[in-house]
Amino acid sequence: MPNRKAKLLKQQKGKCPWCGLSFHDWDVIEEDHIIPRAIGGKDEYKNLQLLHRHCHDEKTTLDLKEIRKKDHSKFLEKLSQFWNKFDWEWINDIPTFIGQKVRESDLTNG
Ligand SMILES: [Zn+2]
């Protein structure tokens, strides 16, 4: 969408927010989601920016790290939700179910 690009370019005063340098005719310019869509960023103007291709690559690397971190904390959140469902307490440094009976079939069938 060249219109979108032109508008963003104007909004950024012709500069790449990543490295702070102006875009030149020979630069490859790419659209970037400031907040990656993978972690809830929207496809709208205020979440878009233009970056040099090499700057975009750098940012993507960082974004992926952020996405992985987020996935990791999502995993921990799920894990703690799992533990909250059960009555359990630490016995001899082992989390031990109390109250809720764990059937043997649940354990063997994974
Ligand atoms: Zn740049």
If Lys15 passes every condition in (1) surrounded by 13 or more Cβ atoms within 10 Å (Cβ to Cβ); (2) more than 16 Å from the ligand (Cβ to nearest atom) but one, which one does it miss? (2)
Evaluate region 50-60: report whether one residue or more is at pLDDT 95 or above and touching a Lys or Arg at 6+ places or on another chain (Cβ under 9 Å). yes
Looking only at region 47-70, count how many residues are farther than 22 Å from Ala6 by Cα, away from the ligand (no atom under 16 Å from the Cβ) and either touching a helix residue (DSSP H, G or I) at 6+ places or on another chain (Cβ under 9 Å) or in contact (Cβ under 8 Å) with a residue 12 or more places away in the chain (or both). 4
Mind listing whichever residues of region 18-46 are within 16 Å of the ligand (Cβ to nearest atom) and exposed (fewer than 15 other Cβ atoms within 10 Å of the Cβ)? Cys19, Gly20, Leu21, Ser22, His24, Asp25, Trp26, Val28, Glu31, Ile34
So Ile98 fits all but one of (1) touching a strand residue (DSSP E or B) at 6+ places or on another chain (Cβ under 7 Å); (2) at pLDDT 85 or above; what number is the exception? (2)
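The values are calculated or read from the model by the stated rules, or taken from the named source; none is laboratory data. As the structure is a computational prediction, the values presented were derived from the model and not from experiment. Here Cβ is always computed from backbone atoms with ideal geometry, including for glycine, and neighbour counts include all displayed protein chains.
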